[in-house]
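Heads up: the structure comes next, in structure tokens.
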Amino acid sequence: MKMSVTYDYKDRSAVITGGAKGIGLATAKRFHASGAKVSLWDMDESRLNEVKDTFPDNIDIQVVDVTNWDSVNAAAENSLKSIGGADILVNSAGIAGPNFKTWEYPVEEWLKVVDIDLNGTFLCCRALVPFMRENKYGRIVNIVSDGGKYNKATYDCFFEKNVKATDGETVSYTHLRAHETRHDLVCRLLLEK
């Protein structure tokens, strides 16, 4: 017998980065179906507009560059006004980057991966945690691959080392924030398989 888990987020609001596709979009649909007010953040404005129409009623969309503080801060202010808060933050925005050996890896591509995967997570938390603290409630989910969890000697392509490096830092960041905010917020780490 297949059982479906249901949640009641009727009085909650959720911000989901990378919300225009993949895990971010699936997460947003689940929160929305569970009654949450949802704000999707993504860089792809046309994709955001497409997926907005797939929800049964209105959701908030924000075109955001998670690597840019002004963009993140403006999106946070707009989302707080539009959905009335930010009880939940799901950091789903991320990229894997190209596959090169270390000595051939383009520096600008490396910096792009670190900027989106690690700095983007920090900036989104930085923008929304003050609201969560003020309201004495918050949940943060940082989505990464399991590359940051395991030190596999079999990783021999740089793609996996690159993902492992940024995911490992995001895992560390999540653990630090969980200790820092333990009385005010709950930080969760979700490892996709």
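Please treat every number below as a calculation from the coordinates, not as lab data. The structure presented is a predicted model; accordingly, all values stated were derived computationally and were not measured. Here Cβ is always computed from backbone atoms with ideal geometry, including for glycine, and neighbour counts include all displayed protein chains.
Under the √(5λ) rule applied to the eigenvalues of the Cα gyration tensor, what semi-axes describe the equivalent ellipsoid of segment 2-61? Give them in Å, descending.
20, 12, 10
Quick one: which residues, 5 or more positions from Ala86 or on another chain, have an amide H under 5 Å from its amide H? H modelled 1.01 Å from N in the peptide plane, none for Pro or chain starts.
Correct list: empty.
Quick check on packing: order 29-40, 65-76 by the mean number of other C-beta atoms within 10 Å, highest mean leading. Write out the running numbers ahead of the final one.
Values: 29-40: 20.8, 65-76: 18.6.
Result, highest mean first: 29-40, 65-76.
Say R0 is 45 Å: what FRET efficiency, to the nearest 0.05, do Ser82 and Trp103 get from their beta-carbon distance?
Numbers: r = 47 Å, r/R0 = 1.04.
Between Ser82 and Trp103 the formula returns 0.45.
When you count, for each residue, the other Cβ atoms within 10 Å and take the mean per peptide, how do 58-64, 100-106 rank with the highest first? Before the final figure, lay out the partial values.
Details: 58-64: 21.6, 100-106: 11.3.
The most tightly packed comes first, giving 58-64, 100-106.
Could you work out how far apart the two model spin labels at Lys136 and Glu45 are, taking each label as a point 7 Å from the Cα in the direction of the beta carbon, and quote it in nm?
Here the answer is 4.1 nm between the modelled labels.
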